[in-house]
Protein chains: 2
Amino acid sequence: MATQPLIRSKQAEKTINGISTQVICTEFSNYIFIVLTQYGKIGTLVSVTPDSRSGDISIPMFTTKVLLGKDEVLTHVCAKNLTTFVSQEAGNRPVLLGLALKDSSIEAIKAMKDVIKSCQVW
Amino acid sequence: MATQPLIRSKQAEKTINGISTQVICTEFSNYIFIVLTQYGKIGTLVSVTPDSRSGDISIPMFTTKVLLGKDEVLTHVCAKNLTTFVSQEAGNRPVLLGLALKDSSIEAIKAMKDVIKSCQVW
């Protein structure tokens, strides 16, 4: 019998612009679950779902929805920016994202994407 | 520097009534996140939140809310049954639960609680 865990999960910690940032990525068959936190909290929970469109696969579209926490425009923007590449690489699986950021600058988001990449479970 | 992961996460696999059951528990400062799956899916996402009541701490009350997936009475019942002890042991932290069950019998739920206990991160 295999003793390795059946649910694939990876995590990493990196200091981004002086702020300790933790990432944990877990693979489920129907979702990639990612938490990106600078507070230790699970934060605002957002689902990022690729739209199924026939005839135009060149322009991927995503729907973001806040499931838990404050529904702010910036959250939707960050969520899309951080996870659309994950969804695409994971065979268009939706992403469930917990987001608790102190720093949402473009530069920080870019560095966070690299940390997510380092926790690839898909 | 500590090399141990900053986000505590444990998982287990057990065959319950002939069905492979996977549990993963992850601790965040404001939530305990648990997925209990017999499909490999994250399943229905439910928040289980202790009500704050003054004057009557002898009767703990919990509010369950389906954040993602089908909102069925049985889901609320199972979610409460499976996680109120976690919330209480974790200093009344709310629980975020992903639930994808083939078998929701009382006997199975009881066995699942033991698997959750074996993944204690709180």
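What follows is calculated from the coordinates using simple rules that are stated; it is not laboratory data. The model shown is predicted, which means the values in this text are computed figures rather than measured ones. Cβ coordinates were reconstructed from backbone atoms using ideal geometry, including for glycine residues, and neighbour counts include every protein chain displayed.
Quick notes
Residue by residue, here is whether (1) within 21 Å of residue B:28 (Cα to Cα); (2) free of Cβ contacts under 8 Å to residues at least 60 places away in the same chain; (3) not small (Gly, Ala, Ser) holds:
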| position | (1), (2), (3) |
| --- | --- |
| A:60 | no, yes, yes |
| A:66 | yes, yes, yes |
| A:76 | no, yes, yes |
| A:101 | yes, no, yes |
| A:106 | no, yes, yes |
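- Qualifying positions in the range A:101-115 - within 20 Å of residue A:65 (Cβ to Cβ) and either acidic (Asp, Glu) or surrounded by fewer than 21 Cβ atoms within 10 Å (Cβ to Cβ) (or both): A:104, A:109
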